[in-house]
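Participant: Questions regarding the structure given below will be posed in turn.
The values are calculated or read from the model by the stated rules, or taken from the named source; none is laboratory data. As the structure is a prediction and not an experimental result, all values here were calculated from the model. Quick reminder, even Gly has a Cβ in these numbers, built from the backbone with ideal geometry, and neighbours come from all protein chains shown.
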Amino acid sequence: MTSPRRVVITGMGTVNAATAGGTPALAGALEGAQSPIRPVRAFDVSGLPSRLAAEVDEAVLAGLVDRDAARRLSRICRLTLAACRLAVGDARIDGGPALGLVVGTEHGDFRSSEEFAAGFLRRGVAGLSPMIFPGTVMNSMGAVAAIEIGAKGPTVTLNQATVAGDLAIGRAAVLIRSGQADAVVAGGVDEICPQVYRRLAEMAVLSPMGGALPEGCRPFAADHNGPVLGEGATFLVLEDLDIAAARGATIHAEVPGALWGNLPVAPHTAPRSRRDRRSPVLRLLARLGLPPEGLAACYGAGNGDPALDDWELALLAADLPAAPGLSPPRSLAMLFGQHGGLGALRVAAAALEGRRGSAGPTLVHGLARGGCRTAIVVSRPA
């Protein structure tokens, strides 16, 4: 009987507000812990209650894509392409039919959709641009990146708030374990669109959420008052262990399991004591034979949204009463801002825990306001 395939992480690539590069750049950004959250520079935010964001430096992005790509591709496609290229280069892996791609995003190429619609509103059918139209479909980033990196295996685009990157990593692991791919480039991407930022700020969805406390991202803190938007792309290369070892790849960590599910409630209606009867955390730990007290660390989805933060703390407390040291979970939102690539950054941080002396496995937990919940366990390679 064939033993189950084991999934490992062999490469990382990121373009975010703090750094751009492969594994060394990511490790440096996580260890430096210097937040790039600043007043918005890319567009006018005067008159808005929210004025902070974690923006990618345009000069950095321009240095990662050639002129032709810069001319023909939308900005979010360039972010995706740059991060995927960095991840593939970091893993030293070639394209082909056994290489897949999974892209997670919250907003997709909203800017292209807005521009395409504006052309029609200004000039009617004559204003519809065939150059802009490809960016209006949700899988435009995945299509561009798959072509450029030679990913001829399964290509999937996932649209989900908060946990898009987590879901992409989990889906990639399933593709490898099921034999549908030998390796998958997986992660998440979003850009800050002016229209989206303005509407969220006006709706008091972003910090300071209409309150008197200072604007800022303070996950799980007593004075949390909303998330701060970020942008960027982070992708990891997941690979079958035997194939990675045979080609001499650097193995950063193993992903022994990933599960996800949905809670049929909104966080603002969920009492703190509520349990998730189908908790992906408990199901995953049981499947792996891993007791909660065996976890060394936990990364969470908390982003400063009081309802989301408190709900996540309640669910984890109910799931892991024997591991109180994991609460509150570690959050990366205050470093990179909330965006579709944040889940992949959490998995990357968990994969790099071994460098910081952590010997046990790490739980990466995700939770979205709509009830989507994810659980990924990352461990040091055996």
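Participant: Considering only residues that are assigned to a helix (DSSP H, G or I) and acidic (Asp, Glu), look in the range 289-332 and name the one that is farthest from the chain's Cα centre (by Cα). I'd like the intermediate steps shown before the answer.
Facilitator: If we filter the range 289-332 for residues that are assigned to a helix (DSSP H, G or I), which is where we start, we get 292-294, 306-319, 324-326.
Pick out the ones that are also acidic (Asp, Glu) and you get 293, 309-310, 312, 319.
Values: GLU293: 26, ASP309: 17, ASP310: 21, GLU312: 17, ASP319: 23 Å.
So the residue we want is GLU293.
Participant: Could you tell me how many of the residues in the range 196-211 are under 27 Å from SER112 (Cβ atoms), in contact (Cβ under 8 Å) with a residue 24 or more places away in the chain and not β-branched (Val, Ile, Thr)?
Facilitator: Within the range 196-211, residues that are under 27 Å from SER112 (Cβ atoms), in contact (Cβ under 8 Å) with a residue 24 or more places away in the chain and not β-branched (Val, Ile, Thr) number 6.
Participant: Determine if the range 120-133 includes at least one residue that is surrounded by fewer than 20 Cβ atoms within 10 Å (Cβ to Cβ), in a helix (DSSP H, G or I), in contact with a Leu (Cβ under 9 Å, 6 or more places away or on another chain) and assigned by TED's automatic domain parsing to the domain that holds GLY13.
Facilitator: Within the range 120-133, one or more residues are surrounded by fewer than 20 Cβ atoms within 10 Å (Cβ to Cβ), in a helix (DSSP H, G or I), in contact with a Leu (Cβ under 9 Å, 6 or more places away or on another chain) and assigned by TED's automatic domain parsing to the domain that holds GLY13.
Participant: Another one. Looking at (1) without any contact (Cβ under 8 Å) to a residue 12 or more places away in the chain; (2) part of a helix (DSSP H, G or I), can you tell me which one ARG283 breaks?
Facilitator: (1)
Participant: Looking for something modelled with pLDDT of 95 or more, at positive phi and assigned to a loop (DSSP other than H, G, I, E, B) - is there at least one such residue anywhere in the range 354-370?
Facilitator: no
Participant: Please work out if ALA27 is part of a helix (DSSP H, G or I) and either out of contact with any helix residue (DSSP H, G or I) (no Cβ under 8 Å at 6 or more places or on another chain) or assigned by TED's automatic domain parsing to the domain that holds ASN139 (or both).
Facilitator: Numbers: part of a helix (DSSP H, G or I): yes; either out of contact with any helix residue (DSSP H, G or I) (no Cβ under 8 Å at 6 or more places or on another chain) or assigned by TED's automatic domain parsing to the domain that holds ASN139 (or both): yes.
Answer is yes for this residue.
Participant: Continuing with the same structure: Could you list, in sequence order, all residues of the range 363-372 that are under 16 Å from the mean Cα position of the chain (by Cα) and either of a type outside the set (Lys, Arg) or surrounded by 24 or more Cβ atoms within 10 Å (Cβ to Cβ) (or both)?
Facilitator: Those that are under 16 Å from the mean Cα position of the chain (by Cα) and either of a type outside the set (Lys, Arg) or surrounded by 24 or more Cβ atoms within 10 Å (Cβ to Cβ) (or both): LEU363, VAL364, HIS365, GLY366, LEU367, ALA368, CYS372.
Participant: When the residues of the range 94-143 are filtered to those that are farther than 24 Å from TYR197 by Cβ and β-branched (Val, Ile, Thr), which remaining residue is modelled with the lowest pLDDT?
Facilitator: Taking the candidates together, the pick is VAL125.
Participant: Check VAL144, VAL88, VAL185, VAL174 and return the single one that is in contact with a Phe, Trp or Tyr (Cβ under 7 Å, 6 or more places away or on another chain) and touching a residue at least 40 places away in the same chain (Cβ under 8 Å).
Facilitator: VAL185
Participant: For the range 46-116, please list each of the helices (runs of 4 or more DSSP H) lying entirely inside it that holds at least 2 residues being under 23 Å from the mean Cα position of the chain (by Cα), in the same structural domain as LEU167 (by TED's automatic domain parsing) and surrounded by 20 or more Cβ atoms within 10 Å (Cβ to Cβ).
Facilitator: Helices (runs of 4 or more DSSP H) meeting the threshold: 75-91.
Participant: Turning to a different aspect of this structure: What is the residue count in the range 179-209 for residues that are in contact with a helix residue (DSSP H, G or I) (Cβ under 6 Å, 6 or more places away or on another chain), closer than 14 Å to HIS339 by Cα and not hydrophobic (A, V, I, L, M, F, W, C)?
Facilitator: Residues that pass the stated criteria total 3.
Participant: Checking ALA333 against (1) in contact with a Leu (Cβ under 7 Å, 6 or more places away or on another chain); (2) over 28 Å from THR19 (Cβ atoms), only one condition comes out false. Which one?
Facilitator: (2)
Participant: Residues to consider are GLY153, GLY179, GLY135; find the one that is at positive phi and either over 17 Å from the mean Cα position of the chain (by Cα) or free of Cβ contacts under 8 Å to residues at least 60 places away in the same chain (or both).
Facilitator: After applying the criteria, what remains is GLY179.
Participant: So, ASP242, is that one surrounded by fewer than 24 Cβ atoms within 10 Å (Cβ to Cβ), assigned to a loop (DSSP other than H, G, I, E, B) and among the charged types (D, E, K, R) or not?
Facilitator: no
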